[in-house]
Amino acid sequence: MRRCSWVLFALITSVVSSAHGQAAPYDVVIANGRVMDPETNLDAVRFIGIRAGKIAAISATPLNGKTTIDAKGLVVAPGFIDLHAHGQDDENYRVFALDGVTTALEREVGTADVPGFYASREGKALINYGASSSHVRARMVVMRDPSQGLLPTGPGGHQVATDAQIAEIDRLIDAGLAAGGLGVGMGLQYTPAASKYEVLEAFRVAAKYHAPVFVHVRGFAAQDPGSSVESFMEVIAAAAISGAPLHIVHLNSMSLASTPKTLAIVKDARAHGLDVTTEAYPYIAGMTEIGSALLDQYADGPDSNFSKIMLVSTGERLTRATFTAARKSGGMVILFLNTPEMEAMAITSPLTMIASDGSLHNGKGHPRTAGTEARTLSHYVRETKQLTLMDALRKMTLMPAQRLEKLAPVFLNKGRIKVGADADITVFDPATVKDRSTYQQPALSSVGFRYVLVNGVPVVMNGVIKDNTFPGKGQKATH
Ligand SMILES: [Zn+2]
């Protein structure tokens, strides 16, 4: 048979066989799982075919894959997106992945060196990553703050900026946004000397790029000045005047007993057309640097206040004397300031996304880093039924993606199970998913996340991290 007729014959047979459903096998097939997609409310058993890092098929009938993951009895959800992840190294990416997170973003503080942040992680990251352009860090640069930590301890937090210094801070923020930074990071409680005018000017830079400003607001006192209500109103005013989208971080820890009031403020601002979003983490305690401005007035309070503070390095509760000493030597502290009732109100509100505020360092830190997603699914969904599974997933996937997709269209393909989406997928057992991390053992990873895929590559298989696997990509804004 002449050569050309062979070619023709081969062509016909492949067309015939593909017509009969024998297409080239997918790279990976996730079979028989309960697929849940918050955007379409799909909640049914399906087969997912993955090719070249993307979801290529969602089928009610079996698909042929080079690798097949049996997800029978498991939930197959979009990969979780954590908008508030300070931990941006391998130690943190591993516990995030074991908690179902496929994209971890440093939004609140961000970085003063956007190109450097992305370049230093390229090809070396287990999960997707990203950072905002930082007001806090730009201020530390311009004011020459001596702090070696993430947050200012000197003029970066406590010195009022001249108009020329404000212009220099804004020039740095602008450069970070132009380089693809995912919004502006702002921590007003850590930079108390930042005037209302300085804040507004930074919002105006963000507005130029339609970039959200991610803000740790100025205070969480019950009464003015420095109250939660006053602090929320400050940034909402800046958003309204500048036109910049606004995301208020950890509403829970910045509201405490005022949670009903701050939720109502966000709700009303949205009802009147302002682009304001917010988030929460499911723990009554927060964590911060003991040398930071957040604790400046703490020593003015009664002795009873000090036992609410735990020193991360030793696990001890502080006294006035040990607090004063630790303020000088530095380090992380955990503040037990909120109540389970207010935590639950923040987590179950339809306004809040789930975001961990997580960071571990050599196994030390806050249990929220390793356990935020699993605690939401185990405590709030399974054990107390305060949230439906679909609503919880929406807070961990679609809502964070929607928060960023205008600025960074890459997020149009995240937070969803749809054909064409990035194959960032989290497969877990809703009956056994559980956080294990505690304030004493914060690095204990969650259980129940059986398979986690990043850009179509499994990074967790049978609940175990796959070593030497770095499919994570830097997520940037495009202008
Ligand atoms: Zn914060």
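The simple Förster model, with R0 at 51 Å and r as the Cβ-Cβ distance, assigns Asn468 and His210 a FRET efficiency of 0.85.
For Lys261, a cut-off of 12 angstrom between C-alpha atoms picks up these aspartates and glutamates, skipping any fewer than 8 places away in its own chain: Glu230. Near Arg218: Cβ cut-off under 9 Å, other residues only, Lys/Arg at +1 and Asp/Glu at -1. The net charge is -2. Summed over the residues of the range 252-334 and divided among them, the accessible surface reaches 43 Å² per residue at a probe radius of 1.4 Å.
Counting only lysines at least 8 places from Lys414 when in the same chain, those with an alpha carbon closer than 19 Å to its own are Lys54, Lys395, Lys406, Lys473, Lys476. Rounded to the nearest 10 square angstrom, Val419 shows an accessible area of 90 square angstrom against a 1.4 Å probe.
For Val29, neighbours were defined as the other residues whose beta-carbon sits under 14 Å from its Cβ, and their charges (Lys and Arg +1, Asp and Glu -1) total +3. Derived scalar couplings between HN and Hα for the range 85-97 equal 10, 6, x, 10, 9, 4, 4, 6, 4, 5, 6, 4, 4 Hz in order, rounded to whole Hz, by the Karplus curve 6.51 cos²θ - 1.76 cosθ + 1.60 (θ = phi - 60°), x for Gly and Pro. In this calculation the C-beta distance from Ala193 to Thr322 is compared with R0 = 30 Å, giving a FRET efficiency of 0.60. Model label sites at Met390 and Ser307, defined 7 Å from Cα along the beta-carbon direction, differ in position by 4.7 nm. Run the Debye formula on the Cα coordinates of the range 328-421, all scatterers equal and no solvent, and tell me log10 I(q)/I(0) at q = 0.16, 0.19, 0.23 1/Å. The calculated log intensity ratios at q = 0.16, 0.19, 0.23 Å⁻¹ are -0.81, -1.02, -1.20. Full extension of the chain between Leu274 and Arg171 gives 34.5 nm of extra length, using 0.36 nm per residue less the Cα-Cα distance. Rounded to the nearest whole Hz, the Karplus-based 3J(HN,Hα) values (6.51 cos²θ - 1.76 cosθ + 1.60, θ = phi - 60°) of the range 24-30 follow the sequence 3, x, 6, 4, 9, 10, 9, with x at glycine and proline.
When the alpha-carbon atoms of the chain are used, the pair Rg, Dmax equals 23.5, 96 angstrom. Counting only protein heavy atoms and using a 1.4 Å probe, the accessible area of Val101 comes to about 0 Å².
Residues whose amide H lies under 5 Å from that of Ala112, counting only those 5 or more places away or on a different chain, are Ser134; hydrogens are built 1.01 Å from N in the peptide plane. Taken along the Cα-to-beta-carbon direction at a fixed 7 Å, the label points for Ala23 and Glu39 span 1.8 nm. For the range 156-164, putting each phi into the Karplus relation 6.51 cos²θ - 1.76 cosθ + 1.60 with θ = phi - 60° gives couplings of x, x, 10, 9, 5, 8, 6, 4, 5 Hz, in residue order, rounded to whole numbers and with x for Gly and Pro.
Taking all protein chains together and rolling a 1.4 Å probe, Asp70 ends up with roughly 100 Å² accessible. A cut-off of 5 Å between modelled amide H atoms, ignoring neighbours fewer than 5 places along the same chain, links Phe47 with Asn32, Ser59, Ala60, Thr61. Each Cα pair under 8 Å and six or more residues apart adds its separation to the average, and for the chain the resulting relative contact order is 20 percent. Here is the size of the range 294-378 from its Cα atoms: Rg then Dmax, 14.9, 42 Å. Less than 5 angstrom separates the built amide H of Met353 from those of Thr278, Glu279, Ala280, all sequence-distant by 5 or more or on a different chain.
Using the Cβ-Cβ distance between Glu383 and Thr339 with R0 set to 22 Å, the FRET efficiency from 1/(1 + (r/R0)^6) comes to roughly 0.75.
The values are calculated or read from the model by the stated rules, or taken from the named source; none is laboratory data. Small disclaimer: the values here were computed from a predicted structure and weren't measured. Cβ coordinates were reconstructed from backbone atoms using ideal geometry, including for glycine residues, and neighbour counts include every protein chain displayed. All accessible areas refer to the heavy atoms of the entire protein, side chains included, with ligands and DNA or RNA removed. Shrake-Rupley method; radii C 1.70, N 1.55, O 1.52, S 1.80 Å.
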